[in-house]
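Worksheet: one structure, shown below.
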Amino acid sequence: MTVKTRESKFERIISYFGKAMAYLVMSVFALMTAYPILWLIMNSFKPTPEYRVNRIGLPRTWTLVNYVGAWKIGEFSKLIGNSFLYTIGASIGIILVATLAGFAFAKIKSKATAPIYGSFVIGILLSIQSLMVPIFLEVSQLDRIINDLLRLIGIIGQQNINIFYNSRLGVLLIYIGAGLPIAVYLCTEYIRGIPDSLIEAARLDGAGYFETFRRVILPMAVPIAMTVTILNITKIWNEFALINILVSKTELKSMPLGIYRFSGTMASDYGKQFAALVIGMAPMLIFYIIFRKQITKGVFAGAVKG
């Protein structure tokens, strides 16, 4: 009994030590993640002269002057609406198209399935940076061709109509297309795991493909839709390169282009620069704080099912 008692105590000590080390490691990583954000928020309330002499400590006087100046200089009142439109609209479009395509690739047999699905998967290997010049030339040429055609049939005169370049529609279409490869792959592999018997039962009840998708596939694909949303929403909100070449009008730009104004001659005004970064970061922080439980459940369910 004595030996077993000692072994039991030793095992408990090892267990407590292991838990303590695990909590220590997690705490260190949490601190490493949270500290830069807290440092940025703290310094955004300091005037630039104070920041130069006090970069680590709390502000002596908390002020909102930096935020007022950053909001005006960055013209965020014009840009924040565009960012929400592009992020929400493109995310919804990606989820809708990806789940529809995933259903078709996973459950509808056709000779065209393999090559079309392969073309989507190949898109995962292509970076947006490598496609920027072709995308710019494509949207420019499409607008020119459409305007020439409308002039030919007498619908418009010498004025130009922007459908793809310098238009919100063009930005949304490009963002949806850029997010589809990985989204279609994930949705296809997830929907492949849904039992065929459920789809056959719906078909026997007289449901067509779209009705089967709406009643069977879409409700069961919520976890993978959440995963796809998480992958895309932050990427689209922070996207800079594509929007920079797709639009030139201020009223069509997004938040990252407003933050970019604080580079160059404004780079030395650290207070307003930090405030602009906090303004751009705040919506995503609020989103993750509010929906953290749903996000965790969605990612976990999507990973397990996939």
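Computed quantities for the displayed model
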| read-out | value |
| --- | --- |
| First in region 40-52 and in a helix (DSSP H, G or I), second anywhere and β-branched (Val, Ile, Thr) and surrounded by 17 or more Cβ atoms within 10 Å (Cβ to Cβ), Cβ under 7 Å, 6 or more apart | Leu40/Val278; Ile41/Val278 |
| Residue ID - surrounded by the fewest Cβ atoms within 10 Å (Cβ to Cβ), chosen from residues in region 257-272 that are closer than 27 Å to Tyr175 by Cα and in contact (Cβ under 8 Å) with a residue 40 or more places away in the chain | Arg261 |
| Residue check, Gly280 more than 30 Å from Leu186 (Cα to Cα), buried (at least 16 other Cβ atoms within 10 Å of the Cβ) and in contact with a Pro (Cβ under 8 Å, 6 or more places away or on another chain) | no |
| Total residues in region 255-279, condition over 14 Å from Asn66 (Cα atoms) and part of a helix (DSSP H, G or I) | 8 |
| Selection from region 157-173 of residues that are closer than 18 Å to Glu251 by Cβ and in a helix (DSSP H, G or I) | Arg168, Leu169, Gly170, Val171, Leu172 |
| Criterion (modelled with pLDDT of 90 or more and either assigned to a helix (DSSP H, G or I) or loosely packed, with under 13 Cβ neighbours inside 10 Å (or both)) met by exactly one of Ser8, Ser91, Ser110 | Ser91 |
| Region 122-162: number of residues that are under 17 Å from Ile245 (Cα atoms) and among the β-branched types (Val, Ile, Thr) | 4 |
| All positions within region 45-60 that are out of contact with any Phe, Trp or Tyr (no Cβ under 9 Å at 6 or more places or on another chain) and surrounded by fewer than 10 Cβ atoms within 10 Å (Cβ to Cβ) | Val53 |
| Some residue of region 283-290 being assigned to a helix (DSSP H, G or I), exposed (fewer than 12 other Cβ atoms within 10 Å of the Cβ) and at pLDDT below 75 | no |
| Region 146-184, residues that are farther than 30 Å from Gly118 by Cβ and without any contact (Cβ under 8 Å) to a residue 12 or more places away in the chain | Asp148, Leu149, Leu150, Arg151, Leu152, Ile153, Gly154, Ile155, Ile156, Gly157, Gln158, Gln159 |
| Output for region 66-124, where each listed residue is under 23 Å from the mean Cα position of the chain (by Cα), farther than 14 Å from Trp237 by Cα and of a type in the set (Val, Ile, Thr) | Ile94, Ile95, Val97, Thr99, Val121, Ile122, Ile124 |
| Residue in region 236-255 that is aliphatic (A, V, I, L, M), farther than 28 Å from Ile95 by Cβ and in contact (Cβ under 8 Å) with a residue 12 or more places away in the chain present | no |
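The values are calculated or read from the model by the stated rules, or taken from the named source; none is laboratory data. Only a predicted model underlies this, so the values are computations on that prediction, with no experimental measurement involved. Don't worry about glycine lacking a Cβ; one is built from the backbone with ideal geometry, like all the others, and counts go over all protein chains shown.
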